[in-house]
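Heads up, the thing below is written out as structure tokens.
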Amino acid sequence: MNLLADLVTMSFPHATEAVCLAMAIQGSLAVRNGPNKNRTMHWFHAFVKSTLTAYAGATFTNIFMGRPTAMLANDIFFGACLLGYALVNCTPFNVGYMVLNSPPGELVITVLSQVFRVGGIVGFSDAAFTMFRDSPSPYYDVPVFGPILFPSVLGNMGGFFFGGLDGYLEKGMPWLFQQGISCSTFYHFYAHDTTGIIGTTLRSILKPTIAIPFMKLMGATDDEQINDDTQFAKVAVGVFMVLMAVLRMPMVLGVKFSPFEVVGDAVLMPWKKSKKKVDVKPKKSKKKTQ
């Protein structure tokens, strides 16, 4: 596979350490550029807030499945938080902050942290499917909602933790929910649904037209790699998520960009125009008094 495929599937040396550190740095930068921009926070307050900004999902989401939190089970996570905070806040002359907060630094951190989220979508969907596959609902061949909702909640725990339910959702569906639901839905049905009508239909349409050419483009050489449905789903989701992360950077299209909203607005535009025409009320003519 080529470098892009290896990147989004974390098939490179020290991948776990690199993406965990990128997440920790992104969380520390978010706090340093936001609530702590005046450097008035106590260091411990800033550190805990940076850690939860980066890893609220890894800290709390596994609790729903009765599994140990990754923050306690994997030393790399908390170690990355310590190092990431130090690089952003504790280097001489703010060298670390200036480098990491520069456009090149932000690009690298954005890409690597998004690769971490790709692993979260794939890994948490796999975990939920493995846990529930022996007891699917009576209406479908495989469990439907668990492998979609579990990874979707993962990326949104920080929003719920800091903003609360109403504060986080009052302006509509946040991007991390849009991304999580769409990517986990596609990955789950394409990779896990081997007998149901949704998965078989999806593969029958996409595999000959998109999946096989795409895998060849990604550097797959032997037939096993080219026809690996799970690997295609991982790479496709990874490329999409990394591309969206880059496009949503402030210096590109900005954080308000969403391809789903663009498509939705395009589909609904004729209906909105017709509604506006119907809603227009004629102006009342003023009668002149004599």
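At a glance:
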| read-out | value |
| --- | --- |
| Mean Cβ count within 10 Å, highest first, over the residues of peptides 155-166, 49-60 | 49-60, 155-166 |
| Cα-based equivalent ellipsoid, the stretch 21-72: semi-axes from gyration tensor eigenvalues, Å | 25, 10, 8 |
| For the stretch 51-102: rounded, prolate or oblate by the Cα gyration tensor [a/c cutoff 1.5] | prolate |
| Residue order, fewest to most surrounding Cβ atoms within 10 angstrom, among K171, K234 | K171, K234 |
| Nearest-20 debye value, the stretch 3-256 charge dipole, Cβ charges on Lys, Arg, Asp, Glu | 920 |
| Global geometry of the stretch 1-125, whether rounded, prolate or oblate, following the gyration tensor of its Cα atoms and the 1.5 cut on a/c | oblate |
| Relative contact order %, the stretch 3-256, counting alpha carbon pairs below 8 Å whose residues are six or more apart | 21 |
| Positive-end extreme of charge dipole, the chain - chosen from L112, F150, V263 (charges on Cβ) | V263 |
| Sorted largest first, extent of the stretch 3-256 alpha carbons per principal axis (Å) | 57, 39, 35 |
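Every number here is computed from the coordinates shown, using simple stated rules; none is lab data. Every value quoted in this text rests on a predicted model; they were computed, and no experiment measured them. Glycine gets a Cβ as well: all are built from the backbone with ideal geometry, and neighbour counts include every protein chain shown.
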